[in-house]
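Engineer: Mind having a look at this structure? Questions to follow.
The values are calculated or read from the model by the stated rules, or taken from the named source; none is laboratory data. Everything quoted here is computed from the prediction, not taken from an experiment. Positions of Cβ are generated from backbone atoms using ideal geometry, with glycine treated the same way; all protein chains shown enter the neighbour counts. Please note that ligands, DNA and RNA were not included when accessible areas were found on the heavy atoms of the full protein model with its side chains. Shrake-Rupley method; radii C 1.70, N 1.55, O 1.52, S 1.80 Å.
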Amino acid sequence: MKKRAILIIHGFGGDEKEILYLHDFLKQSSLDSFWIQLTGHDGNKENFSKVTYDQWQLDIEMKLDELEQIYERITCVGFSMGGLLTIHAADRESIDQFILCNTPIYLYNVGIITQDIVKGIALNKQETLGYYFDSTKEISIHSCLQFLSLLKKTKKKIKRETQTALNKKVLILQNRQDETTYYKSAYFLAKAINAKVSLKIYENGRHQLFLGENKKFAVEDIKQFILN
């Protein structure tokens, strides 16, 4: 049996591009890193509009089953919605560490979104405007309801297990200027998860942690957390 695997889970409506910077960094650091593509996240809007959050959870359970045949311990890293899925998977005995990156409990920072859109219009920043408008086109009502159901289920799980001590290490990373996950989500999670929790707030940066200005700090913090 090998000692440790790292499983990285991308976010809602996302793909491997969101987490490949982290994956590649860990591989280059001689760590056994893996990532999983969640069902419906293959770029086909029709497939995405039909999938349920139960299937996403099953995807992860099946991958963990596979890794547990080879590795003694697993570190689970969840980005955005991937963090919600990580919280559910973390009950497994093989997972002794888990990392939550810009994981939502409270959704949207309206001030940041408004600021971005106003600046995008005023300065004709098509890239900024496209980021918001394109993201809304790709997501169906069904998909949104699945995400919201998973979020509700996760909140209930956290509330139910607040008094249950977990013999696990937890790292929570959050960009304060995140437009999608309101940064106070990180404080909520740090307080509610009854385990050995480390919290890191980066003052700037938006939702895409591993594509933005704090990516180098984030991957280093994750590496040190895993190794220490």
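Engineer: Leaving out ligands, DNA and RNA, and with a 1.4 Å probe, what % of the accessible surface on the chain is carbon or sulfur?
Structural biologist: On the way: 6030 of 11590 Å².
Here carbon and sulfur together make up 52 percent of the probe-accessible area.
Engineer: Shifting gears a bit: Add -39500 (n - 2.57) for each DSSP H run of 4 or more in the chain, then divide by its residues: what number comes out at 222 nm, to the nearest 500 deg cm²/dmol?
Structural biologist: Details: 9 runs with 107 residues, N = 228.
The helix-only estimate for the chain comes to -14500 deg cm²/dmol at 222 nm.
Engineer: Order the peptides 203-211, 66-74 from the highest to the lowest mean number of other Cβ atoms within 10 Å of their residues. Write out the running numbers ahead of the final one.
Structural biologist: Working: 203-211: 19.6, 66-74: 15.8.
Packing order, densest peptide first, comes out as 203-211, 66-74.
Engineer: Using 0.36 nm per residue of separation minus the Cα-Cα distance, give me the extension gain between E66 and K27 in nm, one decimal.
Structural biologist: Details: separation 39, 0.36 × 39 = 14.04 nm, distance 1.89 nm.
Here the segment from E66 to K27 would lengthen by 12.1 nm.
Engineer: Which whole-angstrom value gives the distance between the alpha carbon centres of segment 20-42 and segment 168-228?
Structural biologist: Here the answer is 18 Å between Cα centres.
Engineer: If a/c stays under 1.5 just call it rounded; otherwise compare a/b with b/c (prolate if a/b is bigger, oblate if not). Do that for segment 31-108, with a ≥ b ≥ c from the square roots of the Cα gyration tensor eigenvalues. Write out the running numbers ahead of the final one.
Structural biologist: Working: a/c = 2.06, a/b = 1.37, b/c = 1.51.
Since a/c reaches 1.5 but b/c is at least a/b, the shape of segment 31-108 is classed as oblate.
Engineer: Past the 27 Å Cα-Cα mark, which pairs from K196/K216; K45/K156; K159/K216?
Structural biologist: Numbers: K196/K216 24 Å; K45/K156 30 Å; K159/K216 33 Å.
Beyond 27 Å between Cα atoms: K45/K156; K159/K216.
Engineer: Let me ask you something else. Under 18 Å Cα to Cα from K155, which lysines show up? Leave out anything in the same chain fewer than 8 places away.
Structural biologist: By straight Cα distance, K155 reaches K184, K191.
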